[in-house]
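Just so you know, all these numbers are worked out from the coordinates, no wet-lab data involved. All of these numbers come straight from a predicted model, not from anything done at the bench. Neighbour counts run over all protein chains shown; Cβ positions are idealised from the backbone, glycine included.
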Amino acid sequence: MKREYGFTLLELMVTVVILCILLGLAIPGFSSWLPNYRLRGATRDIYSNLQLAKMTAVKDRARCGVLFDAGNQKYQVISSGSNRTWESTSGSRAGDDVILKEVTFSEYGSGISYGSGAATGGVGGSSLEADSITFADQGILFDARGIILGPSGASSAGGYVYVTNNKNGAYAVGVLPSGVIVMRRWSGTAWQQ
C-alpha cells in the first residue's frame with residue numbers, strides 16, 4: 001500500500017478557522033492604530049517641510065516660507081524666485097515666487113485636519129486660535145540667515161500649527177522666536193515633546 005502525503009480537508013479547515021480568529025482579533029487593533037499613524041505622519045511632514053523651508057532659505061540665500069490654508073486643509077512651501085525677494089502675502093503669490101511643495105491633508109486619508117482635538121489650551125498655556133494656526137498671516141518665513149519673519153516681511157514671534165484627527169489626537173508643530181522648529185503631542189493633560 002502506497003502512502004500519500006498532504007493535508008486532509010479537516011486539517012485545512014481547522015487552519016482556516018484559526019487564521020480567521022486571529023484576523024478577527026487583529027482588525028480592531030489595526031483600525032484604532034491607523035488614524036493615529038496618519039496623524040503622526042502628517043505632523044512629521046509639517047515639521048520636515050518647515051525644516052525644508054529653513055534650509056532652502058539658508059542654502060539659496062533667499063527667503064523661503066510655509067503658508068497654511070486652513071479653509072482648504074492644505075499648506076504650501078514657497079521659495080522666493082530668482083530675484084531672491086519674497087513677494088507672497090497672505091497666501092497669494094506674486095512675482096517669481098516658486099511653490100516647492102503643496103500638501104493637502106486628504107493625501108493622508110480621512111480625518112486629518114487643522115485643529116487642536118481634545119487639547120484644552122495651546123502650547124505653553126497660550127490660547128488657541130479658531131483655526132488653530134497661531135502664525136501671523138497664517139504662515140512663517142525664513143530669511144537667508146534662518147531668522148523667522150511673517151509672510152508680510154515683518155519680524156515674527158513664531159507660532160504653532162495644530163493638527164488633529166477624528167479620534168481627538170492632537171499634535172502641534174511650531175517655530176520658536178529663535179528659529180528652532182519643535183513638535184509636541186497632546187497627552188490628554190499636557191503638551192509633551
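Of all the options ASP45, ASP69, ASP143, the one that moves most in a Gaussian network model of the chain with Cα springs shorter than 10 angstrom is ASP45. Take the chain and mark each of the chymotrypsin sites (Phe, Trp or Tyr not before Pro) that is in a DSSP loop with at most 15 other Cβ atoms within 10 Å; the longest unmarked stretch, sites excluded, is 8-193. For LEU23 and VAL182, the difference between the fully extended length at 0.36 nm per residue and the C-alpha to C-alpha distance is 53.4 nm. Contact order for segment 11-192, expressed relative to its length and based on alpha carbon pairs under 8 Å spaced 6+ residues apart, stands at 22 percent. GNM remark for the chain: springs join alpha carbons under 10 Å apart, and the peak mean-square fluctuation among ILE133, ILE21, ILE46 falls on ILE21. Each residue, PHE7 and GLN73, gets one label point 7 Å from its Cα in the Cβ direction; the gap between the two is 4.2 nm.
Seen from every direction in turn and averaged, the convex hull around the alpha carbons of the chain projects onto 16.6 nm². Legend: calculated FRET efficiency, ASN168 to SER82, from the Cβ-Cβ distance at R0 = 41 Å, rounded to 0.05, equals 0.35.
Each of the peptides 150-156, 61-67 was scored by the mean count of other Cβ atoms within 10 Å over its residues; in descending order, highest first, they stand as 61-67, 150-156.
In loop segments of segment 159-193 as defined by DSSP, the trypsin sites (Lys or Arg not before Pro) with at most 15 further C-beta atoms inside 10 Å of their C-beta are LYS167.
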